[in-house]
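Asker: Please find one structure pasted underneath; my questions will follow.
Bear in mind that the values in this text are calculations on the coordinates, not laboratory data. Just so it is clear, the structure is predicted and the values come from calculations on it, not from any experiment. As a convention, Cβ positions derive from the backbone with ideal geometry for all residues, glycine included, and neighbour counts pool all protein chains shown.
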């Protein structure tokens, strides 16, 4: 597993706290939380990526198909 995508309906502090806890030195996966917007296409237009190296803005990229 290289990335963890979180799509959750909650107050903004919960995904940020999860990101901080899951990107420690012992658990170094990339975790991305996305902003939901029902009026945009895609409905998750951007997100915040947490890694052990820091935090960065990301635009939505649909997961690759495993066909």
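Asker: Sort 51, 39, 33 so the one with the fewest other Cβ atoms within 10 Å of its own Cβ comes first. If you can, show how the numbers build up before the last one.
Answerer: Working: 51 15, 39 5, 33 22.
Listing 51, 39, 33 from fewest to most nearby Cβ atoms yields 39, 51, 33.
Asker: In 5 Å bins starting at 0, how do the alpha-carbon pair distances of segment 3-59 split up by percent?
Answerer: All Cα pairs, binned at 5 Å, distribute as 4, 21, 30, 23, 13, 6, 2, 1 percent.
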